[in-house]
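Undergrad: Before we start, here is the structure in question, set down as structure tokens.
The values are calculated or read from the model by the stated rules, or taken from the named source; none is laboratory data. Values in this document were obtained by computation on a predicted structure and should not be read as measured data. Here Cβ is always computed from backbone atoms with ideal geometry, including for glycine, and neighbour counts include all displayed protein chains. Just so you know, the surface numbers come from the protein's heavy atoms only, side chains and all, with ligands and any DNA or RNA stripped out. Shrake-Rupley method; radii C 1.70, N 1.55, O 1.52, S 1.80 Å.
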Amino acid sequence: MNLDVAIIDYKMSNLHSVLSACKQVGLNSKITNNRKEILEAKSAILPGVGAFNEAMGSLKKMQLDKCILDFIDKGKPFIGICLGMQLLFNNSREFGITKGLGIISGEVQKLNYKNKKIITPHVGWNKVKVTNKYKKEFLKFEEKNFYYVHSFFVSNINDKYTCMHSNYSGIKIPSLVKSKNIVAFQFHPEKSGKTGLKLLQQVLD
């Protein structure tokens, strides 16, 4: 039987909390870097906590960058979480400029790149606002709290991709983005209690 969810293992952290969350909502899931298992899964998650350049280097070394593109081309649900979200964009300015997967147009910048007084990282609970275009799909999550741990965020993103955003020290953070069969979170749904699990289950169903 094919997996409900392939959790892509590219040697970055946060894999097991995602695995636990998938199991809690009744999904047959596995941490794997096996191309066949990933491509045959009903859905896939790219999690991650760490440095963008190290993550991209690991994806390329393990040839998982090509696997991810091939999976997305199949039209099946693909989820990015935190660093896994940021990797979907064009590039990051963390430790110089590193090219990302380039699936969605946008650039990853440090939260305080315009104002050095802003404290980084952004750690803790923050409410989300749902974009008008996506009210019907995500309204039940409006004003709910989700858990964040990050120092970088996606900037220069087309508003049509942003489903939810949060405010941190005056910065509008794209918190949930969607493009065709891709859904990506800046926050950690797997660490956001029952609300996070409900949201994760919704996008994987």
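Undergrad: From the residues in the range 39-63 that are surrounded by 21 or more Cβ atoms within 10 Å (Cβ to Cβ) and in contact with a Phe, Trp or Tyr (Cβ under 6 Å, 6 or more places away or on another chain), which one is nearest to LYS11 (Cα to Cα)?
TA: LEU59
Undergrad: Of (1) open to solvent by 10 Å² or more (accessible area, probe 1.4 Å); (2) closer than 22 Å to ALA51 by Cα, SER169 satisfies all except one. Which?
TA: Among (1) open to solvent by 10 Å² or more (accessible area, probe 1.4 Å); (2) closer than 22 Å to ALA51 by Cα, the lone unmet condition for SER169 is (2).
Undergrad: Given (1) under 18 Å from VAL203 (Cα atoms); (2) open to solvent by 40 Å² or more (accessible area, probe 1.4 Å); (3) of a type outside the set (Phe, Trp, Tyr); (4) in contact (Cβ under 8 Å) with a residue 60 or more places away in the chain, identify the lone condition not met by ASP73.
TA: (4)
Residues checked against (1) within 20 Å of LYS191 (Cβ to Cβ); (2) in a strand (DSSP E or B); (3) not β-branched (Val, Ile, Thr):
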| position | (1), (2), (3) |
| --- | --- |
| GLY84 | yes, no, yes |
| GLN109 | no, yes, yes |
| THR120 | yes, no, no |
| GLU137 | no, no, yes |
| PHE146 | yes, yes, yes |
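Undergrad: Still on this structure, please answer the following. Tell me which residues, restricted to the range 108-142, are surrounded by 17 or more Cβ atoms within 10 Å (Cβ to Cβ) and among the hydrophobic types (A, V, I, L, M, F, W, C).
TA: Result: VAL108, LEU111, VAL128, VAL130, PHE138, PHE141.
Undergrad: Please enumerate the residues belonging to the range 163-183 that are hydroxyl-bearing (Ser, Thr, Tyr), part of a strand (DSSP E or B) and over 12 Å from LYS127 (Cα atoms).
TA: Across the range 163-183, the qualifying residue is only SER179.
Undergrad: Scan the range 7-26 for residues that are outside any helix (DSSP H, G or I) and either without any contact (Cβ under 8 Å) to a residue 60 or more places away in the chain or surrounded by fewer than 19 Cβ atoms within 10 Å (Cβ to Cβ) (or both) and jot them down.
TA: Selection gives ILE7, ASP9, TYR10, LYS11, SER13, VAL25, GLY26.
Undergrad: Is the range 149-161 home to any residue that is free of Cβ contacts under 8 Å to residues at least 40 places away in the same chain, open to solvent by 60 Å² or more (accessible area, probe 1.4 Å) and in contact with a Lys or Arg (Cβ under 9 Å, 6 or more places away or on another chain)?
TA: Yes - at least one qualifying residue is present in the range 149-161.
Undergrad: Being closer than 18 Å to ILE173 by Cβ, open to solvent by less than 40 Å² (accessible area, probe 1.4 Å) and assigned to a strand (DSSP E or B) is the requirement here; does GLY80 meet it?
TA: Working: closer than 18 Å to ILE173 by Cβ: yes; open to solvent by less than 40 Å² (accessible area, probe 1.4 Å): yes; assigned to a strand (DSSP E or B): yes.
Here the answer is yes, as GLY80 does meet what is asked.
Undergrad: Please go through (1) part of a helix (DSSP H, G or I); (2) under 20 Å from ASN14 (Cα atoms); (3) over 14 Å from the mean Cα position of the chain (by Cα) for LEU69 and return the number of the only condition it doesn't satisfy.
TA: Failing condition for LEU69: (2).
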